[in-house]
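The structure is given below, and queries will be raised subsequently.
The values are calculated or read from the model by the stated rules, or taken from the named source; none is laboratory data. Predicted, not measured: the structure shown is a model, and the values here were computed from it. As a convention, Cβ positions derive from the backbone with ideal geometry for all residues, glycine included, and neighbour counts pool all protein chains shown. Heavy atoms of the whole protein, side chains included, go into the accessibility calculation; ligands, DNA and RNA do not. Shrake-Rupley method; radii C 1.70, N 1.55, O 1.52, S 1.80 Å.
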Amino acid sequence: MLPEIQNLYDVWHPNRIAKDNTPYRISFDDLTNSIISTGPFYFYIIDFFDMTLSHVSPAIAEIHGLDPETVSFNDILGAIHPDDIDFVTKAETLSINFFYEKLGYEKLLNYKMSYNFRFRLKNGEYALFNHQALLLSIGDNGGLGKSLNIHTRIDHLSNSNTYKISLIGLNGEPSFMNLSPDEENQDVKEFSKREIDIIKLISNGLSNAEIAEKLFISALTVKKHRNNILAKSDSKNTAQLIKNCILQGVI
């Protein structure tokens, strides 16, 4: 095992739980049916207890040339671009610390983690992918159980990685975008559920008036929300906002 990959295991191992037989909080079919993809993708479930995989999508063969019946987690980690492994390690460390130190481990099941890195393709070339992880179970003290991981090819949207992490709130929780693993005491930008709802409606092409009607608020309130969203997401305009949110797994 490469030392860089061992560093990743060193992040996960202290935070895992014992063998996990906990039922998923929602059915696996509901989870996979809810996946919205912006490009070719595959998924799998990782059990952090023993790092075994299950429910591996057959699409992994076409994308990486890996056999879904025999692929190991090490095979997947080994396909990460060598220059991006350090960022992935930092991203995983930041995400775990963010929950344990700021949000509380009990919130883990209400968030989706998202960031990008380069993956090796079947033909040996590398392309930018978006990684999304949704924990399915945790221990009584917040230990990591099983996680649904989704990898989507996004190099048709961008070839430049922002090296930022997003924590997307579910079930009414706020979201956090543009988190940097290299900045201490950074200005954390929190997005409310209402702001995320408005972003999704903007991405569907709705005008301020149409969004206002759908959410039962005034058009002026929608305009204020839009301005706040652009500022917090470091976006110059709506087109850049939508692109940034797609790249960060928000929509």
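Can you compute the radius of gyration and Dmax for the chain, using only the Cα atoms, both in Å?
Spelled out, the Cα radius of gyration and Dmax of the chain are 18.3, 57 Å.
On a full-extension model of 0.36 nm per residue, what is the gain between GLU173 and SER203, subtracting their alpha-carbon distance, rounded to one decimal in nm?
Value of the extension gain: 8.8 nm.
Based on the Cβ-Cβ distance from GLU183 to LEU157, what FRET efficiency comes out when R0 is 25 Å, to the nearest 0.05?
Here the calculated transfer efficiency is 0.55.
Of all the C-alpha pairs in the stretch 111-151, what % are more than 12 Å from each other?
Looking at the stretch 111-151, the distances longer than 12 Å represent 65 percent of pairs.
Here's a follow-up. Heavy-atom accessible area of ASP50 with all protein chains present, probe 1.4 Å, nearest 10 Å²?
70 Å²
Could you compute the FRET efficiency for HIS13 and LYS214, with r as their C-beta to C-beta distance and R0 at 51 Å, rounded to 0.05?
Using R0 = 51 Å, I get an efficiency of 0.65.
Rounded to a whole number, what % of the accessible area of the chain do carbon and sulfur atoms account for, probe 1.4 Å?
With neighbouring chains kept in place, the figure for the chain is 49 percent.
Please compute the per residue accessible area over the stretch 77-130 with all protein chains in place, 1.4 Å probe, rounded to a whole number of Å².
41 Å²
Quick check on my link table: of LYS90/LYS243; LYS102/LYS236; LYS122/LYS189; LYS122/LYS200, which ones sit more than 27 Å apart, alpha carbon to alpha carbon?
Over 27 Å apart, Cα to Cα: LYS102/LYS236; LYS122/LYS189; LYS122/LYS200.
Now for a different question. From the gyration tensor of the Cα coordinates in the stretch 112-207, what semi-axes in whole Å does the equivalent ellipsoid have, largest first, with each one equal to sqrt(5λ)?
Semi-axis lengths for the stretch 112-207 are 24, 21, 16 Å.
Another question, if that's okay. Mean residue ellipticity at 222 nm from the helices of the chain, using -39,500 (n - 2.57) per DSSP H segment of n ≥ 4 over the full residue count, to the nearest 500 deg cm²/dmol?
-9500 deg cm²/dmol
Once R0 is set to 51 Å, what does the formula 1/(1 + (r/R0)^6) return for the Cβ-Cβ distance between LYS224 and THR70, expressed as a FRET efficiency to the nearest 0.05?
After rounding, the FRET efficiency stands at 0.40.
So for the pair LYS236, ASP86, with labels modelled 7 Å out along Cα→Cβ, what separation do we get in nm?
3.0 nm
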